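K.L.:
I have a structure I would like to understand better, so I am pasting it below and will then ask my questions one at a time.
The values are calculated or read from the model by the stated rules, or taken from the named source; none is laboratory data. These figures come from a predicted structure and were not determined experimentally. Cβ coordinates were reconstructed from backbone atoms using ideal geometry, including for glycine residues, and neighbour counts include every protein chain displayed. These area figures cover heavy atoms from the full protein model, side chains too; ligands, DNA and RNA do not enter into them. Shrake-Rupley method; radii C 1.70, N 1.55, O 1.52, S 1.80 Å.
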Amino acid sequence: IASGSSDETVRLWDARSAEPKATLTAGIRTVETVAISPDGAWVAAGGFDGTVLWDTATGELQRLDTGWVHALAVAPDGRWLATADEGYRFTIRLWDVASGTVMRTIKGEGSTVETVAIAPDGTWLASGEKYHGAVRIWDTATGTLRATLTGHTSTVHAIAIAPDGLWLVTGSNDRTARLWNLDT
């Protein structure tokens, strides 16, 4: 388990014993989001000062050239990472983890992205927005918008995608959770 803190650290915890395994100094003021690769080989942290990746075996640190990051999501194969940052209104970047380079930038309409989640097959991702409550579905290969889901009236802070990729659940400041059937 990984947790981020306003003290500029990320802590790794043993899930069985709840004992701390390591404390990593992120050098990021207010770590807002953390993500772990599916194989546990690396951990990402994002916050006010950008995004960093750690190799969990060696402790080697890699800094990605991001702005203020609100959300991270790891691709199912662990080869790439999505960041949602404080770019002009709306920016999601897809990063190649091995090289640390941007594979695709998605700039859309709407407000700041507060959360992202990647589909189990990696072909699309969902983003949740601040203020207006829109949830957008993006094609990861092309960066094109597939759908906009409306219904929330405030910031969307959480998105989870079902293992089959057919359902999506979102949580919002409007005190609702919504279950979306992506076929309809």
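K.L.:
May I ask for the distance between the Cα centers of region 1-77 and region 164-179, given as a whole number of Å?
P.N.:
One Cα centre to the other: 25 Å.
K.L.:
On to the next question. How high is the relative contact order of region 89-157, given as a whole-number percent (alpha carbon pairs under 8 Å, six or more residues apart)?
P.N.:
The normalised contact order for region 89-157 reaches 24 percent.
K.L.:
Taking all protein chains as present, what is the carbon and sulfur share of the accessible area of the chain, in % to the nearest whole number, probe 1.4 Å?
P.N.:
Values: 4500 of 9110 Å².
Of the solvent-accessible surface of the chain, carbon and sulfur hold 49 percent.
K.L.:
Return one whole number: the accessible area per residue of the chain in Å², for a 1.4 Å probe.
P.N.:
Details: 9110 Å² over 184 residues.
On a per-residue basis, 50 Å².
K.L.:
According to the square roots a ≥ b ≥ c of the eigenvalues of the Cα gyration tensor, what is the shape class of region 130-184, taking rounded for a/c under 1.5, prolate for a/b larger than b/c otherwise, and oblate for the remainder?
P.N.:
On the way: a/c = 2.08, a/b = 1.37, b/c = 1.52.
Oblate, since a/c reaches 1.5 and b/c is not below a/b.
K.L.:
First check a/c for the chain, with a ≥ b ≥ c the square roots of the eigenvalues of its C-alpha gyration tensor; if it is under 1.5, answer rounded, and if not, answer prolate when a/b is larger than b/c or oblate otherwise.
P.N.:
Working: a/c = 1.58, a/b = 1.53, b/c = 1.03.
Prolate, since a/c reaches 1.5 and a/b exceeds b/c.
K.L.:
Name the residues of region 73-102 whose amide N is less than 19 Å from a point 7 angstrom out from the Cα of D55 along the C-beta direction?
P.N.:
Answer for region 73-102: 78-81, 96-101.
K.L.:
With a/c under 1.5 counting as rounded, go ahead and sort region 1-76 into rounded, prolate or oblate using the C-alpha gyration tensor (a ≥ b ≥ c being the square roots of the eigenvalues; past the cut-off, prolate if a/b is larger than b/c, else oblate).
P.N.:
Since a/c reaches 1.5 and a/b is larger than b/c, the shape of region 1-76 is classed as prolate.
K.L.:
Let me ask another. Could you calculate the contour length gain from D7 to T101, that is, 0.36 nm times the residue separation minus the distance between their Cα atoms, to one decimal place in nm? Spell out each step's value before the answer.
P.N.:
Details: separation 94, 0.36 × 94 = 33.84 nm, distance 2.74 nm.
Extra length available between D7 and T101 comes to 31.1 nm.
K.L.:
Write out the trypsin sites (Lys or Arg not before Pro) in region 94-184 meeting two conditions: DSSP loop, and at most 14 other Cβ atoms within 10 Å of their Cβ. Each step should come with its number before you reach the end.
P.N.:
Working: sites: R104, K107, K130, R136, R146, R175, R178; in loops: K107, K130, R175.
Counting only loop positions with at most 14 other Cβ atoms within 10 Å, the trypsin sites (Lys or Arg not before Pro) in region 94-184 are K107, R175.
K.L.:
FRET efficiency for D174 and A147, Cβ-Cβ distance as r, R0 = 22 Å, nearest 0.05?
P.N.:
Details: r = 20 Å, r/R0 = 0.90.
E(calc), rounded to 0.05, equals 0.65.
K.L.:
While we're on this one: Between A15 and H132, what length comes free when the chain is fully extended (0.36 nm per residue of separation minus the Cα-Cα distance, one decimal in nm)?
P.N.:
Numbers: separation 117, 0.36 × 117 = 42.12 nm, distance 3.62 nm.
Stretched fully, the A15-H132 segment lengthens by 38.5 nm.
K.L.:
Now, a different point. Could you point to the residue in T112, A160, L145 farthest towards the positive end of region 109-169's charge dipole, with +1 and -1 charges on the Cβ of Lys/Arg and Asp/Glu respectively?
P.N.:
Sorting the options by dipole projection puts first T112.
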